[in-house]
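Chemist: First, the structure itself, so that you have it in front of you.
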Amino acid sequence: MPRIVGYLLICNTIINMKYLKNLRQALVALFMVMTVSANAQSAIKFGYLNTDSLLCTLPEYVQMENNMQQLREKYKAETEYNEQDFRRRYAEFLAGQKQFTQNILTKRQIDLQQSLERGMAYRQQADSLLRATRKQMLQPIRQKLNHAIHAVGLERGYEYILNTANGAYPFINSLVGENITEAVKEKLAQQEQK
C-alpha cells in the first residue's frame, strides 16, 4: 500500500509539474500577445474629417447647387401652373354645378379628379428627378474629394480615414487620430492647379 501511495504522489507531482509548465507557457504566450497587441495599437495611424463640410467649400459644389436651384425653380413654376389650372377648373365646376346635367357633372368630376392626380404625379416625378439629378451631379465632385482623401491617406501612412459627417463618431481621440481636413483642402488645391 505505501508503494501505491508513493506512486500516486509521484504521478500527482508529475501532473502538477506538467500543469505548471503548461500554465507557464500559456502565461508567456499571453504576455507576448498582449505586448504585440499593445505595440500594434500604438502604431495604428488614422485620419478623420467631415466630407460634407469639405464638399461645401468646393467651387464645383457651389455651381452644382446653383444649377439645382434653377432646376427647382423651373419645376416649381410648372407645379404652380398645374395648381392654378386645377383651381380654375374647380371654381368653374362649383359655379356651374347646379346648371350641369348629371352626365356633364360626372364628366367634370372625373376631369377634376384626373387633373388633381396629374398634378400630384407631376410633383412626385419632379421630386424624384431632382433627387436623381443631384445625385448624378454630385458623383464626380465626390470622386474628386475621395481621390484627394485617398492621396492624403497614402502620403501620411494611415490605416484608415473616418468620415465624421453623419455624427457616427461622437468622440475621436486627437492624440491617436489626426484631423486631415486642411491636408485634404491643400490636396484639392493642388489638383486644381494641374
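Chemist: Restricting the first residue to segment 145-174 and requiring it to be part of a loop (DSSP other than H, G, I, E, B), which pairs with a second residue that is of a type in the set (A, V, I, L, M) and open to solvent by less than 100 Å² (accessible area, probe 1.4 Å) meet a Cβ separation below 6 Å and a spacing of at least six or different chains?
Modeler: 159/44; 169/162
Chemist: Identify the single condition in (1) part of a loop (DSSP other than H, G, I, E, B); (2) touching a residue at least 40 places away in the same chain (Cβ under 8 Å); (3) of a type outside the set (D, E, K, R) that residue 122 does not satisfy, given that it satisfies every other one.
Modeler: All conditions pass for residue 122, except number (1).
Chemist: When only residues in segment 175-194 that are in a helix (DSSP H, G or I) and among the basic types (Lys, Arg) count, which is surrounded by the fewest Cβ atoms within 10 Å (Cβ to Cβ)?
Modeler: First, pick out the residues of segment 175-194 that are in a helix (DSSP H, G or I): 181-193.
Adding the requirement that they be among the basic types (Lys, Arg) leaves 185, 187.
On the way: 185: 16, 187: 19.
Selected residue: 185.
Chemist: Applying the selection to segment 98-147, what residues are hydrophobic (A, V, I, L, M, F, W, C), open to solvent by 70 Å² or more (accessible area, probe 1.4 Å) and modelled with pLDDT of 95 or more?
Modeler: 129
Chemist: Could you figure out which of (1) more than 26 Å from residue 167 (Cα to Cα); (2) modelled with pLDDT of 95 or more; (3) open to solvent by less than 80 Å² (accessible area, probe 1.4 Å) isn't true of residue 70?
Modeler: Unmet for residue 70, out of (1) more than 26 Å from residue 167 (Cα to Cα); (2) modelled with pLDDT of 95 or more; (3) open to solvent by less than 80 Å² (accessible area, probe 1.4 Å): (3).
Chemist: Out of (1) open to solvent by less than 60 Å² (accessible area, probe 1.4 Å); (2) under 30 Å from residue 187 (Cβ atoms); (3) of a type in the set (A, V, I, L, M), the odd one out for residue 168 is which?
Modeler: (1)
The values are calculated or read from the model by the stated rules, or taken from the named source; none is laboratory data. This structure is a prediction, so every number in the text was calculated from the model and none was measured. Note that each Cβ is placed from the backbone with ideal geometry, even for glycine, and that neighbours are counted across all protein chains shown. Surface accessibility is based on the protein's heavy atoms, side chains included, excluding ligands, DNA and RNA. Shrake-Rupley method; radii C 1.70, N 1.55, O 1.52, S 1.80 Å.
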